[in-house]
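Right, one structure below, let's go through it.
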Amino acid sequence: MKVTGIVGSPRKDGSTSELVSAVLAGAESNGAETQTFNLNELDITPCQSCYYCKENGKCKYEDDYVEIVKALDESDVFVIGSPVYFGEVTAQLKHFIDRLYSVVNNQGINNTKLVLVHVQANPDASLYEGYIEHQKNMLYGYCGFDIVDSIQAYGIPEKEDLSTNKTFLEKAKEIGSNL
Ligand SMILES: Cc1cc2nc3c(=O)[nH]c(=O)nc-3n(C[C@H](O)[C@H](O)[C@H](O)COP(=O)(O)O)c2cc1C
């Protein structure tokens, strides 16, 4: 089994990264092969709405997204994580999402399993539930992912808070080992 992590936080070693890594570690404990893309470190041109992909079978931009498309073809599971920024995902993850358009319009995403990770400082779990549900159904479900599990870590302003409240890290590892 091949599992690919996508980290949407600009913090390479922040709480999103820690939770995505925990899911991957759980999967590795069952023999999975894993890799991680830190979007903030990659050169990913935002979608330019040129519709080149509709005519030509692929996106016009041969930047680092090419590697992500390859990973989508080869992976059994994607683990996509982002901190909540002003009630939504980060700009880095939004660029990733918009570029999925070229995949959805061509080879498609054929039930690649998906684990979603959201991290927020606010301790109120219900605050962004509507947004996250919308993302699951109207975005990832629509694109063709098979959402198998998700974590919404709340009350986590800093990575250290994941050590104080171990529930989320434990859940992440368990999800990974159940993949
Ligand atoms: C620009 C910015 C906007 C944020 N907006 C929110 C928000 O709307 N709600 C919230 O609960 N936390 C918000 N946060 C806090 C982060 O979601 C939180 O600190 C998270 O743990 C950061 O994850 P990371 O370490 O992976 O970057 C915001 C942080 C930043 C830098």
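The values are calculated or read from the model by the stated rules, or taken from the named source; none is laboratory data. Predicted model only: the values in this text are computed from it and were never measured. Cβ sites come from the backbone with ideal geometry, for glycine too, and all protein chains shown count toward neighbours. SASA here: full protein model, heavy atoms, side chains in, ligands and nucleic acids out. Shrake-Rupley method; radii C 1.70, N 1.55, O 1.52, S 1.80 Å.
Summary of computed values
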read-out	value
Within the range 1-117, helices (runs of 4 or more DSSP H) holding 1 or more residues that are under 21 Å from I175 (Cα atoms)	15-28, 65-74
All positions within the range 131-179 that are small (G, A, S), closer than 19 Å to D13 by Cβ and either touching a Pro at 6+ places or on another chain (Cβ under 8 Å) or in a strand (DSSP E or B) (or both)	A153
Number of the exception - A153 against (1) open to solvent by less than 20 Å² (accessible area, probe 1.4 Å); (2) modelled with pLDDT under 95	(2)
Breaking point among (1) within 16 Å of the ligand (Cβ to nearest atom); (2) touching a Phe, Trp or Tyr at 6+ places or on another chain (Cβ under 8 Å); (3) open to solvent by 10 Å² or more (accessible area, probe 1.4 Å), for K113	(1)
Within the range 35-59, tally of residues that are within 12 Å of the ligand (Cβ to nearest atom) and either farther than 19 Å from K159 by Cβ or among the polar types (S, T, N, Q) (or both)	2
Residue within the range 52-64 that is open to solvent by less than 40 Å² (accessible area, probe 1.4 Å) and under 18 Å from the mean Cα position of the chain (by Cα) present	no
Cβ-Cβ under 6 Å pairs, at least 6 apart or on other chains, the range 132-158 side within 15 Å of I175 (Cβ to Cβ), far side within 16 Å of the ligand (Cβ to nearest atom) and among the small types (G, A, S)	I151/A172
Tally of residues being in contact with a Gly (Cβ under 8 Å, 6 or more places away or on another chain) and surrounded by fewer than 20 Cβ atoms within 10 Å (Cβ to Cβ) across the range 85-110	5
Number of the exception - K159 against (1) under 21 Å from E41 (Cβ atoms); (2) more than 15 Å from the ligand (Cβ to nearest atom); (3) more than 16 Å from the chain's Cα centre (by Cα)	(2)
Residue that is touching a His at 6+ places or on another chain (Cβ under 7 Å) and of a type outside the set (F, W, Y), where the choices are V84, V79	V84
Residues of the range 1-34 classified as open to solvent by 60 Å² or more (accessible area, probe 1.4 Å) and away from the ligand (no atom under 13 Å from the Cβ), total	6
Number of the exception - K166 against (1) over 27 Å from Y51 (Cβ atoms); (2) within 11 Å of the ligand (Cβ to nearest atom)	(2)
